[in-house]
Amino acid sequence: MKSSIIIFLTACFSISYLSGQSIKGAVMSVNKKTTETMPGVNIYWQHAKQGTTTDISGNFQLTYPDKLPDNLIISMTGFQPDTTVYHHPNDTTIQVTLKPLVLKEVVVIGKSDAISISSIDPINVQKITTDELRKAACCNLSESFETNASVDVSYTDAVSGAKQIQMLGLDGVYTQILSENVPLIRGLSSSYGLSYVPGTWIQSILVTKGTGSVVNGFESITGQLQLELIEPVEAEKLMFNAYANSQGRYEGNLHYGLKASEKVSSVLLAHYSTQLMSVDKNGDSFVDMPMTTQYNMMNRWTIDKPNKYCIQLGIKALYEDREGGQVPQGDDDGSHQHHANSYQISIDNRQVELFSKTGILFPEPYKSLGIITSLRHHERSSLFGNRGYSGFQESVYLNTIYETIISDTRHKIKMGGSFYGDLYNETFLDSGFKREELIPGAFSEYTYSNGENISVVAGMRLDHHNLYGLFYSPRVHFKYNFKSGTTFRVSAGKGYRTANIFVENSQVFASSRRVIISESLLPESAWNGGITVTQKMKIFKREGSVNLDIYRTQFENQVVVDLEDPRTVIFHNLHGQSFSNSYQLEINQEIAERLELRLAGKIYNVKTQYNAGLRERPLVPRERALFNIGYKTPYDKWKFDLTTKWTGSSRIPNTQGNPEEFTLSGNSPSFFYLSGQITRAFKHFEAYLGAENLTNFTQKSPILASADPYGPYFDASMIWGPVGERMFYGGIRYSIK
């Protein structure tokens, strides 16, 4: 009896001992003469049916089965599998090198989603690929969301051609826009920066709803846009894109890729665009789009030593000139020139930026260090009639990110420090505004994943602003995958930002409103929380998905732009409450082979406390809807895309103090906006034709008191609908791989 008890206890101890131990290791492959890590490799016990996959660094951890011996199988498509028999637990860390299979040439044709939401990432991230961007004339970043339901784009006024984005019902200034973790649009670039990134430069866009990772800073409140640009190692040898439309806009893009050596590669990206025609279709004597000329260039280099380090260096330079206002009148001699008292607009932007990204891999597994730097110089001068503005910005950015694991690969941690330095010198209406912002910060972010269905990201950062003190930004994201194909996410966090009221509200320049800054403006801060449910499904064996988002943004402080008096614009801190509730439902479904459908609808409830009381935020539509259908013939030779957007009613700022002829109704009408494109692919190039605003709907009389631009009632900022009429376009893309 005693011996039986001993045997029983020994067996229990052995089982407990096995279940508490794990095998750790790394999987490598040999490419030519270099060794590379292998993410996504399958590792599993043959009989116990337990398994995992290697992470992005090629590392893994797998619990021993209750019963040994068992075969540990390590396999990856295209490589010879590795099988090892384990009779007892082994405490040492193993390293396995897989050998590639030698096969005859095989052509694989597959399908990838143009827009996708990851079921692995705990943060709600939607990826927009090149295939999606090419469904419309993606001339620059502001035109990259024509078929996307999460990001809304509109004009800020009727004269400058500036565009703005909205996410979760709030202006794009509350969305952090990055280019591969480098700040892209902030400061003086807030007004026109969306047009500074040519569409052909973009490889993909990651759209994050809600507060994102603390690693990228404190400025994300409603979301992040992370741009992935063309990498030197993946760049085509030569690419040329030409575009023209029926309203006199012409563009050209040239890419040149260079492989200098096994370790060094480079890509040169060049862009030129111009608007040549003075178009005034609505007859208000103002051009519908300004005459614009832009020169844009970027050169980036990559120095890569696998398993050691990767360094990227780059330089960007931009020059843009915009000329708009009243249309020149014809004289008796046939010439066209401006009258002395005509209302003219001139906007010049010059920007130069140097940036670098360095990644260092340590000899110890799972450890790495990233260093990101950026230096930017930006000058802007503008004239709206008799209202002059000039701005100067010099910025420096540094971010260091150290990543490792705690105990095993289920527990990862990132930590580091950052620094923002901004020098602003602005002049508006002969008044000077100069400030220096120095913001050092530190952050830490913990990630847990059980490798199956649960992931958590919890982060916190502290930043010290030299003018406003301490910023505290906690953020958390949780994800759970159900076996039914449902992914549930919940997130909450806080963000801060300092407002640049002149460049972020440039539409104020295009009016006769008196500008009043009623008090010393404080930093903006807000909490954001959201719930996302994604359900993958099959209807008649066709893949599809349904995605539901619910988000709320609650401001602690906000720089309120008060337009409720038609003769003034008042900037003041929030005295009361300000919030945005956003509800979005999106359906993506393959309805037949190569025929895909996207349906989406949104409802916004956005209110702010103004001096006149708590009111709906003006010019924010309460409802929106999107319909997109696309068809591809075999081998993608022909592509057909049709997009319809419906925009609901929005509140128009109060104009009751104006004379009757300059008084607007309280709400805008709803309208449809229809666009489509046809693309034909050949061996080395693509040709495309398309049209925008096919229904030819435009906002009637978008400029208030346009006949008297220097009078007290002139206002070109009341924009709720399209300004330009129906437009046709075409272009070609030529490339050599």
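The values are calculated or read from the model by the stated rules, or taken from the named source; none is laboratory data. The model shown is predicted, which means the values in this text are computed figures rather than measured ones. Quick reminder, even Gly has a Cβ in these numbers, built from the backbone with ideal geometry, and neighbours come from all protein chains shown. Surface accessibility is based on the protein's heavy atoms, side chains included, excluding ligands, DNA and RNA. Shrake-Rupley method; radii C 1.70, N 1.55, O 1.52, S 1.80 Å.
The label-point distance for Glu323 and Gln554, in a model that sets each label 7 Å from Cα toward Cβ, rounds to 5.3 nm. Against the main long axis of the alpha-carbon atoms of the chain, helix 2-19 sits at an angle near 30°.
Per-residue ellipticity at 222 nm from helix content only, as computed over the chain with -39500 (n - 2.57) for each DSSP H run of at least four residues, stands at -1000 deg cm²/dmol. Of the solvent-accessible surface of region 345-426, computed with a 1.4 Å probe over protein heavy atoms with every protein chain present, carbon and sulfur atoms account for 63 percent. If you average the alpha carbon positions of region 594-642 and of region 179-242, how far apart do those two centres end up, in angstrom? When both Cα centres are located, 21 Å separates them.
Ordering 156-162, 202-208 by mean Cβ neighbour count within 10 Å, with the highest value first, yields 156-162, 202-208. How high is the FRET efficiency between Leu369 and Leu462 when r is their beta carbon distance and R₀ equals 22 Å, given to the nearest 0.05? The value I calculate is 0.60. Starting from the Cα gyration tensor of the chain, take the square roots of the eigenvalues, sort them a ≥ b ≥ c, and report rounded, prolate or oblate (rounded when a/c is under 1.5, otherwise prolate if a/b is larger than b/c, else oblate). It comes out prolate by the Cα gyration axes.
Remark: spin-label model distance Glu262-His575 equals 7.0 nm, labels positioned 7 Å along the Cα→Cβ axis. 3J(HN,Hα) along region 261-269: 6, 5, 9, 10, 9, 8, 9, 10, 10 Hz, from the Karplus curve 6.51 cos²θ - 1.76 cosθ + 1.60 with θ = phi - 60°, whole Hz, x for Gly and Pro.
Counting protein heavy atoms only, region 646-737 has 59 percent of its accessible area on carbon and sulfur, 1.4 angstrom probe. Of all the C-alpha pairs in region 465-575, what % are more than 25 Å from each other? I get 49 percent for the Cα pairs in region 465-575 exceeding 25 Å.
Derived scalar couplings between HN and Hα for region 278-292 equal 8, 9, 9, 6, 8, x, 9, 6, 10, 5, 5, 10, x, 6, 10 Hz in order, rounded to whole Hz, by the Karplus curve 6.51 cos²θ - 1.76 cosθ + 1.60 (θ = phi - 60°), x for Gly and Pro. Per-residue 3J(HN,Hα) values for region 424-433, derived from phi via the Karplus relation 6.51 cos²θ - 1.76 cosθ + 1.60 with θ = phi - 60°, read 10, 9, 10, 10, 9, 6, 6, 10, x, 9 Hz in sequence order (x marks Gly and Pro). At full extension, Ala612 and Lys67 could sit 188.9 nm farther apart than now, given 0.36 nm per residue minus the alpha carbon distance.
Accessible area per residue was computed with a 1.4 Å probe on protein heavy atoms; Arg387 scores about 30 Å².
Over the chain, what is the percentage of antiparallel beta bridges among all DSSP beta bridges, to the nearest 5? The antiparallel fraction comes to roughly 95 percent.
Applying 1/(1 + (r/R0)^6) with r as the Cβ-Cβ distance of Ser701 and Tyr446 and R0 = 51 angstrom yields a FRET efficiency of 0.35.
For the peptides 477-487, 454-464, residues were scored by their other Cβ atoms within 10 Å and the scores averaged per peptide; the highest-first order is 454-464, 477-487. With the whole protein complex present, Glu590 retains an accessible surface near 30 Å², based on a 1.4 Å probe. The GluC sites (Glu not before Pro) of region 483-525 that DSSP puts in a loop, and whose beta carbon has at most 12 other beta carbons within 10 Å, are Glu519. Between Tyr734 and His87, the modelled label-to-label distance comes to 6.9 nm, taking each label 7 Å out from Cα in the direction of the beta carbon. A cut-off under 10 angstrom between Cβ atoms defines the neighbours of Asn349, and their net charge, with Lys, Arg +1 and Asp, Glu -1, is -1. Within the assembled protein chains, the solvent-accessible surface assigned to Arg680 is about 60 Å², based on a 1.4 Å probe. Using the Cβ of Gly161 as centre and a radius below 13 Å, the other residues enclosed give a net charge of -3, where K and R count +1 and D and E count -1.
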